[in-house]
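Comments concern the structure below.
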Amino acid sequence: LPAQLLQLAQDAEAELRRQRELLLQIQRFSQQQQQQRRQKPPKTTPKPPAVAVEEEEELPVIPVLVLACDRSSVRRCLDKLLRYRPSARRFPVIVSQDCGHAETARVIASYGQAVAHIRQPDLSDVPVPPEHRKFQGYYKISRHYRWALGQVFRTFRYRAAIVVEDDLEVAPDFFEYFQAVLPLLRRDPSLWCASAWNDNGKEALVDAGRAELLYRTDFFPGLGWLLLAELWDELEPKWPPAFWDDWMRQPEQRRGRSCVRPEVSRTMTFGRKGVSHGQFFDQYLKFIKLNDRFVPFTQLDLSYLTKDEYERSFLRQVYSAPEVQLEELQKEAGKDSGPVRLQYRGRDSFKALAKALGLMDDLKSGVPRAGYRGVVSFVCRGRRVFLAPPSDWTGYDPSWS
């Protein structure tokens, strides 16, 4: 035992040295950037070619944190991230690896300087209640998230980050989307995240021709999401030992705030293997439509997503739509028709309608997936449908879980 403890101490010390070296590299890079900016010629000097460079330097840096473990297929995730990112400076990729899996580590190392590879140092089992022994994997994932986000916001001191897991493939406009929504998160305190994922994003349920559509949602989607350092300041002290994503969906964490999500997902998952043993994968996740059309989000006016404006326009659209019954919706083609509303009046009613329409029917703390103020927007047979509670809706009922 003393020899094992000594080895653990030596490994931890070696990892800390490596982390310090990585931090020093980042600091040196930052100092070089500042020095280059100070050495720029005066503004009277003609410099048309340098305009793009100056604009590049003014844009925020948003690291992409990739959480990896023992899937060597992380290559598929990293290949797409590196192919589509518009700038290595603005979107540094940090791969945080747990599990100590050698083959996965070799794959990550093969990218050289294109990515930063950090390793979660504590690979021990997490003490869990006896009834949770089979959930050990979820405890390790939560521990890894806490450590990795701590590295991004505490050690490297970034002000925002995009979180991606190693089994996600990204769309061509993934970076464009997050660059565009970041200012919204900074301006609107009623937003706490932006996600690349639509939980009801199966091809038959979305309007692929309207890939520019974005929504507010009360459901935390995850699966490629953006958060600010201020949110980590709030969450870190109470970070849960396990099941971190469902914890995020609890009212105590959400605190009435919403996320931005797209009509057509900007991520898709290819990871059937994992701690959830393929839960939802075969039924839903593998059918999610990944956007394939680049949308120039940074050139669009996204102010319609601010809380007051969104509620005015979205709720008017929902409750001015004619109400229909499920049978009418299922038998009509619906093409070239206006939006309609399908009303539910309770938990069982919602679940029955969602199931009949191919939507995800589970609720977390009473909130339906992709829902906003209880409303789930989707497409059925070419027609926009709002699955909605009565117009006098007063809030979510946590007992609906």
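The values are calculated or read from the model by the stated rules, or taken from the named source; none is laboratory data. These numbers were taken from a predicted model, which means no experiment stands behind them. Here the Cβ is made from the backbone with ideal geometry for all residues, glycine too, and neighbour counts use every protein chain on show. Side chains are part of the model used for accessible areas, which takes the heavy atoms of the whole protein and leaves out ligands, DNA and RNA. Shrake-Rupley method; radii C 1.70, N 1.55, O 1.52, S 1.80 Å.
All alpha carbon pair distances within region 64-291 were sorted into 10 Å bins beginning at 0; the resulting P(r) in whole percents reads 8, 33, 40, 18, 2, 0. Percent of Cα pairs in region 81-212 per distance bin of 5 Å, from zero to the largest separation: 2, 8, 14, 17, 19, 16, 12, 9, 3, 1, 0. Averaged per residue, region 320-388 has 42 square angstrom of accessible surface, using a 1.4 angstrom probe with ligands and nucleic acids left out.
Once the chain from Gln250 to Lys331 is taken as fully extended at 0.36 nm per residue, the excess over their C-alpha distance is 25.4 nm.
Report, to the nearest whole %, how much of the accessible area of region 256-401 belongs to carbon and sulfur atoms, 1.4 Å probe, protein only.
About 48 percent, which is the carbon plus sulfur part of the accessible surface.
Along region 76-92 the Karplus relation, 6.51 cos²θ - 1.76 cosθ + 1.60 evaluated at θ = phi - 60°, assigns HN-Hα couplings of 4, 5, 5, 4, 6, 4, 6, 5, 9, 5, x, 7, 5, 5, 7, 10, x Hz to successive residues, with x for each Gly and Pro. Working note: Debye formula, equal point scatterers on the alpha-carbon atoms of region 320-388, no solvent; log10 I(q)/I(0) at q = 0.16, 0.24, 0.29 Å⁻¹ is -0.49, -1.09, -1.52. Each Lys and Arg adds +1 at its Cβ and each Asp and Glu adds -1 at its Cβ; summed about the Cα centre, region 257-401 shows a dipole of about 440 debye.
In the context of the full set of protein chains, region 59-187 has a per residue accessible area of 40 Å² (1.4 Å probe).
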